[in-house]
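Note sheet for the following structure.
Quick note: the coordinates plus some simple rules give every number you see, no bench work behind them. What you see is a predicted model, and the numbers here were worked out from it, not measured in a lab. Please note: Cβ atoms are built from the backbone with ideal geometry, for glycine as well, and neighbour counts cover all protein chains shown.
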């Protein structure tokens, strides 16, 4: 089985296409890459971390052994570690790069490898192409058996100190907030809950222990996965609910009535909050699949907008080149000015906590204020499973004979930078894109009314289903 890096690394089903043999080949490829491309920092070594999935710590040790056998120091984390923590340490300690054994929010039978080079962000396409070529080369020679250069470390306190400096903990503490939190059995435990207990009057925590099967579901901070947290927020009258995914790079936010806020809403609120509270100058970066509500806010406040393909690596790439107030994706990832060029669900939760303390109103009321300023926007995303043959036909149809209408919506322009985004008169849009990490076709939609959005989602599903 060939090793292929998708939107967020290499992922596969454990013991099927994600195996120890493949992990060692990937580690050898990363070692070879680092010797060629990261010579400046090679003496500092590579970090190897892991999440709470089945065999993750064993895969991590296998990676560390290969790295050590290549004469490179391997710093193995002492416990499961969030992806943003590894990114933070790469930059702070000037490591040549970092590996995290994780499949993020994917189902429990999956595992994967995320690789971040010395700049701290997710590996860019030119890097992953090189890694794929090295790992899949016929007769690849994997060095193994020498563990003399393996060290261990716990980076938690470094990272927590940094978050405390980036969030107004005193403001939160003064507000007397009652918070709920669910790390979904993932790496957010021991990080987000620690911060919450330092500044909240009450903290109710669920699933803060390791379960390699994630309770029999995917560790994705989505409303259907957060039923216990939603019930607690409502019944205990908590101020908000917070959640992170398997490797704590994605966030999930609940309002005080238990309503789940979409990442699009969170990104829009935080853009305006950070602009007003911090006075930061710079651009806002969003992926092509992320809400244009961000654009409306940006226009009103004179903020340049940068649009990227789907994948946080592209947001991180812009972040290291120019000042950026906030960058994010509709899939639940964000980072901010002065932080790492990687998505961070822990930071996102803490910033929403600060905003709740500062604004002293529900998130829904904050959103109503934004809609009053720039107009109402509502978004949707539908995940549709298609056989490989049908996915191929879909791409061919979109490329060679794209539709001119979707139901009542007339296409005015097509953005094919990443997937196929159909822009309609009046500001609505629909985007179709094959997932880079899962066997899915995603259909993203946005309009200025719930009725229009419903019609648009129905038209998109009908078009895809007819393939």
Ranking of 350, 169 by count of other Cβ atoms within 10 Å, fewest first: 169, 350
Proxy reagent accessibility, fewest Cβ within 10 Å first, across 454, 174: 174, 454
Relative contact order (%) - the chain, alpha-carbon pairs under 8 angstrom, separation at least six: 13
Centre separation in Å (Cα based) which lies between the stretch 137-174 and the stretch 256-278: 28
Relative contact order of the stretch 247-384, pairs being alpha-carbon contacts under 8 Å that are 6 or more residues apart, as %: 30
Alpha-carbon centroids, the stretch 1-59 and the stretch 72-136: separation in whole Å: 7
Label-point gap, in nm, between residue 385 and residue 281 - each point 7 angstrom along Cα→Cβ: 5.2
DSSP-defined beta bridges in the stretch 220-336 - what % are antiparallel, rounded to 5: 55
Among beta bridges that DSSP assigns inside the chain, antiparallel share in %, nearest 5: 60
Shape category assigned to the chain from the gyration tensor of Cα positions, a/c cut at 1.5: oblate
Fraction of beta bridges assigned by DSSP in the stretch 1-108 that are antiparallel (%, nearest 5): 20
The stretch 158-262 shape via C-alpha gyration tensor axes, a/c threshold 1.5: oblate
Ratio Rg/Rh [Cα only; Rh per Kirkwood] for the stretch 325-390: 1.10
Least to most buried among 208, 418 (fewest other Cβ within 10 Å first): 208, 418
Shape call, the stretch 177-321: gyration tensor on alpha carbons, a/c limit 1.5: prolate
The chain: calculated mean residue ellipticity at 222 nm from DSSP helix runs of at least 4, using -39500 (n - 2.57): -12000 deg cm²/dmol
Alpha carbon centroid spacing (whole Å) that separates the stretch 406-467 from the stretch 368-383: 16
Label-point gap, in nm, between residue 299 and residue 393 - each point 7 angstrom along Cα→Cβ: 4.0
Mean Cα-pair separation over length for the stretch 5-154, i.e. relative contact order, pairs under 8 Å, 6 or more apart, %: 34
Relative packing of 74-87, 305-318, which averages over residues the other C-beta atoms within 10 Å, highest first: 74-87, 305-318
